Every structure is written in structure tokens, then in C-alpha cells.
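Below: the structure, in C-alpha cells.
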Amino acid sequence: MRRFPSPVQFLARLLAIVAALTMIAQPAAAQSILRDAETEALLSDMSAPLIEAAGLEPGNVDVVLVNDRSINAFVAGGQAVYIHTGLIEAADTAEEVQGVIAHELGHITGGHINRMHDGIGKATNISILSMLIGVAAALAGAGDAGMGIIAAGQQAAYGNFLAFTRVQEASADAAGAEYLSIAGISGRGSLEFFKKLQNLEFRYGRSQDDDATFSRTHPLSGDRIALLRETYIADPAWDQPADTELQARFERVKAKLYGYQADPRKTLQEFPETRTDIPARYARAYGYHKNAMIEEALEEANALLGSNPDDPYFLELKGQVLLESGRPAEAISPLRRATELSLSEPLIASMFGHALIATEDESHHAEAEQVLRAAVARDRLNPFAWYQLGVVYAAKGDMPRARLASAEQQVMSRQYGLAIRSAGFAEAGLPVGSPDWLRAQDIGLQARAELERLQERR
Ligand SMILES: [Zn+2]
């Protein structure tokens, strides 16, 4: 994955300082989580009816995109479903992916993952929070904040190697079929996808280290597929037509991820310039951007905006290309609009905040502060936004709030010792009883409790 160097020197210096303060050991097999506002919104809308059908709280189940082009999906760390970008690439329809999500939810409700953890020890039972390895990862991804990469913990890598038993697979299949039925989603997509995986398996053989990891972690068999088919066909939802609006969004996201990940030459083969539809332009825009062909990328972004000037994700794309090619002042207008239209979607808002700061024009700091505060108010688990908020506070000379922002990042990245120090500094400098003062106290308490728990375990 290519990263785009940030042109801003002071930011780079700060990065070096903060990186030196943060000691983050990344496991060798670490994977990364891909964060993109449009993709997350799509996955959330695709999974919400299934999560509800499973009797779980939509807000408590995360669907997380893993930056890995092999075909896989798994559950880990309690209530989180991980989907590889490779699975989206291999799927042709949103329903195919929904079939996989339904099946994975079946592993969650069946308690399969917890049972595994019991056998392996509590150390692996970490929440999604621990995957948001704050500062260092966010900084490494500073160049592509819009589709930011965040290093995942061992947990995610680990989930790749878990294989469920046949009994667990059968129970997850049955549960998944029930959730699809309750949600009124046809099992056709699910069946298609499993057949696709089975074909891959025939082609490459199970023992080989091919791209179809899913069939290793979720052993497939002809019997399984036959039984699923029987269940699905008998269901009233079988003839339910696909949601065309969701499918159109899926095709956009799929093309965007392709352009973002594939070799740019391959992207141009897959989406030749003769194609002027939205997914093709989307894929090419990311492909050109990746290849530092800024004007071509902007041309595609402008063409997309020609078809819909108020699409927040097209505006985000244009802003991202400008920002990452060293034109932060020009990025401000599209990113401001994208932030407004997306009602301050936190990832978009943090990119906007980044652009404002990257202009090195202090007159933009007040707006940056306001935008970033709104972003963290909506999603506290956004280390990149906290980092930038810290930059703005430091530039203003507001060190207590700068340190409070650091404390937020540090506790998120499980750097409890640092978090205690930052929170203590912030608490000492903030007005007694103010919300920020209370927050500093809370972080200090939380970090101390976590430290104690870690020590007890040892
Ligand atoms: Zn499974």
C-alpha cells in the first residue's frame, strides 16, 4: 500500500516527537484495518437488519474492514465481524456479502468464538479498542486519513487461523439462514458465494496456500451447501428481489477499494477509460491518485462531481487528492462541503481538520478546532482526530487541552502509563470541575484500573 508523504514540515516534526513518545510493538503478523467513511456506512447498512434479526444491538456489533486481499471473514474479540477487502472483491453482490455477515453473526450468537478463547487464554480476548493502535498507526496513515489504515492487533491476525468445527459451521449456517429470513433477504447471494468459494477450492486444492482463506477457517463441504440450498429455497425470502439501491452502493465501494488496492495498471485494464460509469471513474480516480497522476485523478473526481455535485464521498475524494498532493488550501472547500453534507462524519471531518491545519495558516485553527471537536464527539475512537486536535491546542498554547487530547489517544492505544501522565498534566492545568477536567480525571482512573488489571494478570 502506497502512502502519500505529507508536505507539512511541522506536522512531520510533531510526528517524530509523538512517535518517539509512543512505543508500539507491532506483532509480526499484524494486519491493518481499512477505514473509509463510505465503506463503513455501507457495511453498517448492510448488516443492521441482520444484527437486529440476530437479537443483537446494532450499536454493539462492529463490522470491520481488514486490509487484506485474500478472501476471508471472521469473528473476534467479542462482537465484531471482520471482512477482508478480498472478500468484497470476490463478491458480485451486496447479498453475497450479507450472506457471509449472517453466517458470521451465527458464530457470535453461538458463542463459538468465546469458547475458543476460553481454551486459549484471556490474553486474546481483547476488544476492538485495542486494535485502534492510536498515535503511531494514525500518524503512519496520516497521508491517507480518508481511507486510513490502522494497524490491527494480534487478534485480527489470529482470527485468520481459527478453524471452526463442522458442528459449529452447521450451527452458524442455520443461524445465518434464519437471520437472512427474518431480515427478508434472499439466500441466493449466500449460496452463490459459497459455490464460488467451493470452485476456488476445487481449482487450487485445500492444502495449498491460496487466496480462499475463508474455506480454511470455515470448512466447506458439498453437504453444507446442499443443506443451505434446501433451507434457503424453502424460505419465503428466497424470491425477494435484491435491494437495487444497496447494490449500486456496493458496486461503487467495490470499485473504490479495487482502485485503492490494486496495481494502477490493473485498475486501468479492469476499468478502461472508455467506461464513464461511476464505479469505473471511482476506481480510476484512486488508481491515478495512487500513481501520483494528480491531474488525471482530479479529472475523474470532477467528472464524478459533475454527475452529483452534492455527493459527500465524491467531494471527499477530490479533497483527499488535493490534500495529499500538497494542495491543502484547495482541499478546504470540497472537504468543508463534504463535512457539512455528511453531518460531520468523523473520518471526513478529521480529513477536513487535517487540511485546515496543513495550510499552516493559523487563521484556520479556530475552524479546525470546532470541526475536530465535532468529529470526536461523534466518534471518540478516532485517534487521528485526537492527534490533530492536540496539534491545534498546542499551537494555541493550550497545553492542558493538548495533553488531554494525548491522553485520549494513549488510553485508546493501551499506553496506560503515558495516559496517566498526560491526564495528570491536563488535570493540573484545567479549571477545576470543568467537563475537560472531569474527563482528564476519568482517563486517569481508567488507565490506572487497566494497569492494575494487567499487573494482576501477571
Ligand atoms: Zn463459519
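A compact table of results
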{"read-out": "Rg/Rg_globular for the stretch 399-457, with Rg_globular taken as 2.2 N^0.38 Å and Rg from C-alpha atoms", "value": "1.05"}
{"read-out": "Added length on full extension, which subtracts the Cα-Cα distance from 0.36 nm per residue, residue 234 to residue 56", "value": "61.6 nm"}
{"read-out": "Solvent exposure of the stretch 399-457 as accessible area per residue, Å², 1.4 Å probe", "value": "51 Å²"}
{"read-out": "Simple Cβ-charge dipole of the stretch 288-355, Lys/Arg +1 and Asp/Glu -1, about Cα centre, in debye nearest 20", "value": "200 debye"}
{"read-out": "The stretch 244-398 - accessible surface per residue (Å², probe 1.4 Å)", "value": "40 Å²"}
{"read-out": "Sorted peptide list for 313-323, 185-195, 368-378, criterion being average Cβ within 10 angstrom, highest first", "value": "313-323, 185-195, 368-378"}
{"read-out": "Those lysines that a straight Cα-Cα span of less than 21 Å connects to residue 318, excepting residues fewer than 8 apart in one chain", "value": "254, 256, 290"}
{"read-out": "Rel. contact order, % - alpha carbon contacts under 8 angstrom, at least six apart, the stretch 399-457", "value": "36 percent"}
{"read-out": "Theoretical gain in end-to-end length, residue 340 to residue 374 [0.36 nm per residue, Cα-Cα removed]", "value": "11.1 nm"}
{"read-out": "Accessible surface of the stretch 305-458 [probe 1.4 Å, protein heavy atoms]: carbon and sulfur percent", "value": "51 percent"}
{"read-out": "Where labels lie 7 Å past Cα in the beta-carbon direction, separation of residue 227 and residue 269 in nm", "value": "4.1 nm"}
{"read-out": "Per-residue SASA entry for residue 386, accessible area with 1.4 Å probe, Å² rounded to 10", "value": "20 Å²"}
{"read-out": "Ordering of 387-395, 327-335 by burial proxy (mean other Cβ atoms within 10 Å per residue, highest first)", "value": "387-395, 327-335"}
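The values are calculated or read from the model by the stated rules, or taken from the named source; none is laboratory data. What you see is a predicted model, and the numbers here were worked out from it, not measured in a lab. Positions of Cβ are backbone-derived with ideal geometry, glycine not excepted, and every protein chain shown enters the neighbour counts. Note: areas computed on protein heavy atoms with side chains; ligands, DNA, RNA excluded. Shrake-Rupley method; radii C 1.70, N 1.55, O 1.52, S 1.80 Å.
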